[in-house]
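Everything on this sheet refers to the single structure shown next.
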Amino acid sequence: MAELTEQEQIRRNSLAELRNLGINPYPAALYDVTAKSADILERFPREPEAFTHVSVAGRIMSRRIMGAASFVELQDDCGRIQLYVKRDEICPGEDKTLYNTVFKRLLDIGDIIGVEGFVFVTQMGETSIHVTKLTVLSKSLRPLPIVKEKDGVVYDAFNDPEQRYRMRYVDLIVNPQVREVFVQRAKIVNTMRDYFNEQGYLEVDTPVLQSIPGGAAARPFITHHNALDIDLYLRIANELYLKRLIVGGYAGVYEFSRNFRNEGMDRTHNPEFTCMEIYVAYKDYHWMMTFVETMLARIANTLHGTTKVSVWGNEIDFKAPFRRVPMCQLIKEMTGYDVEGMDEAQLRDTCKALGVETDSTMGKGKLIDAIFGEKCEHTLIQPTFVTDYPIEMSPLCKRHRDNPNLTERFELFVCGKELANAYSELNDPIDQLERFQEQLRLSEKGDDEAMFIDMDFVRALEFGMPPTSGMGIGIDRLVMMMTGAQSIQDVLLFPQMKPLTMSGDNNEGDDLSQHGVDENWIPVLAKAGIKNYEQLKAANPNKLFNDLGGLRKKMKLEIPALRREVFDAWLG
RNA sequence: GACUAAGUAGCUCAGCAGGUAGAGCACAUCCCUUUUAAGGAUGGGGUCCUGGGUUCGAAUCCCAGCUUAGUCACCA
């Protein structure tokens, strides 16, 4: 057990005192909440009669104690409201313990209480609850960061990213704007779900554990299934499964899919992330562009009441229609080079001329993509559909109806970032197999992201898939844009962090106890600087044995003196 | 993976010409019986991220490591 800080010890003492007074600091019974802070603040001025008796519950966020009367800021799920706690009101009789001892001394910032009372307006003009009854609902044993705010200026903000992400619960308690982001995230997802359901598309779940990681070019995570004794991959995309379902006869299917990619992490990439993919039978990519425009405008309106959203310093207008421009035309616009119809050698020369780096594993598709990525992508600030990608970089996409070297594909760019990706889906099984085989050749050439061949998927196509349009959209990025978040970590509740070896934590010494070290001595060893078995073996045994004896006295421990043969047994 | 920066009290941060570790908030005790980040006084609280090195002496200088952030590479 880690040593407690003074403040933690004081709170534990308060906890014990509450129990001694017959107050359960963690009562089992439900607490009947009849009002919320936001509702009271909004409605009380208009309809005071509705609030002559309320009960609210929440966390104590600040206290101003002045003798026989106190003011408390109580935070519930939708905001804060001030409480007016008067001694003789909550303690009408002779016994003033509940106020003097329980409220003033044993309760702290961070504790969760329920109060009953009536709403009124203080002399300072603040709507408050005049408390007549106070119930302890949960005692908090750790001090919260104290964030204060006046006139929009925040004092002592809790803003260390590491602590915020590792202890998101604390972040959510003290930073209301963080809680709001995840409310918005849910709104975005629900808006999309409503939009799809209204049109009769079916929400489905497909496997996360896959034996062939298909549907995207990415490095997968590998895991192992014991009973089957096979390696499985965590999905990198769900595309191939959703298309099997279109083969199966659904008009439209969609899934909010948690995907996993074993790649770098940065401001816009987390190892697990959420994509929404949707596939609709008998549609093409032109239809899908309109579908996406409408969806995004609706999301922006739901969240902000307008299609104009401020994203990373740009005012983005999600009003449909968005610009639609073929990739090669855009490259021509930005660089002056017409890459359409160039062979691999010509593309390499063009890359060189433009100062775009290449390597030997890159085929035509990747070369064009490199030019696009370097010269065009960052210029696409307002929502723009880039269409008609070269065939080499789109192995699951139907050939363009007017040009066999291109595909019917679009990507949507906003603020220079890819937001969505969509195709007229390839449903020619023979063409699909050839494209997979081309991927295999790329893989042999050294492209470690080239796709695997999924023969069952090819078989599904052989049964016949209707013409279909499919679209994938990165939910995390979408939420970032819609909420103005700078980092993907700000739109994920628990972004991936490197685990810490928590020193002083309970697990410490596990490794020692496994080697037969007496539990009582593990804290003493820790004091002597020995935290694992390796360090124990490495220490000078004579010196350590003596030190342990000394520390036992120094720490005033009630355990028997350590015998040398016991000590030697630890060392094996 | 590379480079740069940061890591000091529960939180936010000073301190870095090397010489006993500081402030505000929070906490405790007392005074005041009063409201709007902060009433007054007093006090407690620290493995200055970890481990080495230089030095009589290291929070401070040097090296290595850990974690985080930013940029780059890869990717959505």
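Some notes on this structure:
- All conditions but one from (1) within 16 Å of RNA strand B (Cβ to nearest atom); (2) touching a strand residue (DSSP E or B) at 6+ places or on another chain (Cβ under 8 Å) apply to A:LEU172; the one that does not is (2).
- When segment A:162-217 is filtered for residues that are among the acidic types (Asp, Glu) and out of contact with any helix residue (DSSP H, G or I) (no Cβ under 8 Å at 6 or more places or on another chain), the ones remaining, listed by number, are A:GLU162, A:GLU180, A:ASP194, A:GLU198, A:ASP205.
- All positions within segment A:241-254 that are more than 19 Å from A:GLU408 (Cβ to Cβ) and surrounded by 22 or more Cβ atoms within 10 Å (Cβ to Cβ): A:TYR241, A:VAL253, A:TYR254
- Tally, over segment A:82-114, of residues that are assigned to a strand (DSSP E or B), more than 14 Å from A:SER70 (Cα to Cα) and among the β-branched types (Val, Ile, Thr): 2
- Hey, A:GLU17 within 22 Å of A:LEU83 (Cα to Cα), more than 31 Å from the chain's Cα centre (by Cα) and either within 16 Å of RNA strand B (Cβ to nearest atom) or assigned to a helix (DSSP H, G or I) (or both) or not: no
- Checked against (1) outside any strand (DSSP E or B); (2) polar (S, T, N, Q); (3) closer than 21 Å to A:LYS417 by Cα; (4) within 16 Å of RNA strand B (Cβ to nearest atom), A:GLN177 meets all criteria but (3).
Here is a yes/no grid of residues against (1) surrounded by fewer than 20 Cβ atoms within 10 Å (Cβ to Cβ); (2) in a loop (DSSP other than H, G, I, E, B); (3) over 22 Å from the mean Cα position of the chain (by Cα):
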| position | (1), (2), (3) |
| --- | --- |
| A:THR274 | no, no, no |
| A:VAL280 | no, no, yes |
| A:LYS283 | no, yes, yes |
| A:HIS286 | yes, no, yes |
| A:MET289 | no, no, yes |
| A:VAL292 | no, no, yes |
| A:MET295 | no, no, yes |
| A:ARG298 | yes, no, yes |
| A:LEU303 | yes, no, no |
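- Just one of the listed residues (A:VAL56, A:VAL33) is at pLDDT 95 or above and either over 38 Å from the mean Cα position of the chain (by Cα) or part of a loop (DSSP other than H, G, I, E, B) (or both), namely A:VAL33.
- Summed over segment A:138-164, the residues that are more than 24 Å from the chain's Cα centre (by Cα) and in contact (Cβ under 8 Å) with a residue 12 or more places away in the chain give a count of 8.
- Candidate set from segment A:60-93 (those that are more than 7 Å from RNA strand B (Cβ to nearest atom) and under 14 Å from A:THR122 (Cα atoms)); member that is farthest from the chain's Cα centre (by Cα): A:LYS86
- Qualifying residues in segment A:138-156 (those that are surrounded by 13 or more Cβ atoms within 10 Å (Cβ to Cβ) and aliphatic (A, V, I, L, M)) - the one modelled with the lowest pLDDT: A:VAL154
The values are calculated or read from the model by the stated rules, or taken from the named source; none is laboratory data. Since we're looking at a predicted model, the values are computed, not measured. No Cβ is skipped: glycine too gets one built from the backbone with ideal geometry, and neighbour counts run over all protein chains shown.
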